[in-house]
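> I am attaching a structure below and will ask some questions about it afterwards.
The numbers here are math on the coordinates, done by the rules we state, and not lab data. Keep in mind it's a predicted model, so treat the numbers as computed, not measured. Counting neighbours? That spans all protein chains shown, and the Cβs are built from the backbone with ideal geometry, glycine included.
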Amino acid sequence: MFGLFAPAPVTPRTYSDCSGCSLCLLACPMWRKHRDPRFSAEAVAKGLQCGAVAAELARPLEACSLCGACDPVCPEGIDLPGLIMDLRLQLANSLPAPPPRQAALDDLHARMRQGAGDAAAQAEISRAAPLLLPGPELRADTAVLARVRALLGLVVVDDDGADISQALELGAVIPQARLESFLASLRGHSIVAADGLLLRQLRRWLPGSQRMGLGAALSTRVAVRSNLGESDLYVIEPRAFHADHGRMVGFYDRLQRETGCLINLDLQRMAIPATAHGLAQEAGEMAADDDAQARWILQGRKPARIVVESLADLAAFKRVCDLPVVHLAELGEDPEMIQRRPHAFG
Ligand code: SF4
Ligand code: SF4
């Protein structure tokens, strides 16, 4: 049985276990932006301990970018992004949404109903094929998508769960039939996902499956690694990184040693998103501050080129500097050359 916040195999730790150590606050981009301790996972956990309900915590819940940076630093092992998504769900049920968000929610509910009806078609994908969940941005960039396909040799699925990911962002209830139709087409496959939030949830929904973020999958390719060098700043997509932090720290540490490139892994900018959106920005209610985030990641660094895992970051860095900015998939050879060589997943 699937639920949005299905219990982990061991007894999950929750807000009542928060000791108030403040480590999550130091890693949090919304705290960095507001410089106000109320904007942190700690404030949410402590507020709940004091009896607050979701509506009283609306401001930090809406400002959170779900980047996941608080998750690996919490010594109590509390799933803080999961807690915040859970509270957003309660928030949507307790406060009327502003008109732009309500319109986004209405559209989303219609798409999820449609997606549940497409279940049979999705289940017919060839069983052995490793799959790519591209997400809307990569799907729209056909040139980069062609390179990703050539490098990784994956089947691009029609149903990449973009509506489910948006529901996680907005705190919308995911109908059971819709979730099941999405997961039915993924079972038994290796999965590469461009959307780090979806990747995080797939860990819960499909335990034991082989999953990887798009950036990490691309950077395993020799054609990509051999084109990274000391003058590059490599910008990690943070949600996928934090969702599998224990493994990814070692992975990127090796990448850095082998290629010599700079990576956004220093203490406070440890895979912080260049595009750190809260809920209100996701729903188009206020201007995004992507440019400030991108400038902050560049602060004190003088790369000759910026290499990004996320297409959203690509646009932000192009706006704030005149350095060349490329997606990871654009490194290396032409797709036709790559396609002549055999691939293995992983
Ligand atoms: S998910 Fe990111 S923005 Fe949200 S509380 Fe955690 S560190 Fe802060
Ligand atoms: S890191 Fe964990 S225990 Fe420490 S303040 Fe944050 S939520 Fe509480």
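> Restricting attention to the stretch 58-73, which residues are without any contact (Cβ under 8 Å) to a residue 60 or more places away in the chain and surrounded by fewer than 22 Cβ atoms within 10 Å (Cβ to Cβ)?
Ala58, Arg59, Val73
> I've got another one for you. Exactly one of these conditions fails for Pro96: (1) exposed (fewer than 13 other Cβ atoms within 10 Å of the Cβ); (2) closer than 21 Å to His245 by Cα. Give me its number.
For Pro96, the exception is condition (2).
> Would you mind listing the helices (runs of 4 or more DSSP H) fully within the stretch 1-115 where at least 2 residues are more than 10 Å from ligand 2 (Cβ to nearest atom)?
29-34, 41-49, 58-63, 80-94
> Looking at the stretch 36-57, can you tell me whether even one residue there is among the polar types (S, T, N, Q) and more than 10 Å from ligand 1 (Cβ to nearest atom)?
yes
> Quick test of your reading of the structure: Ala223 fulfils all but one of (1) under 26 Å from Cys64 (Cβ atoms); (2) in contact (Cβ under 8 Å) with a residue 12 or more places away in the chain. Name the failing condition by number.
(1)
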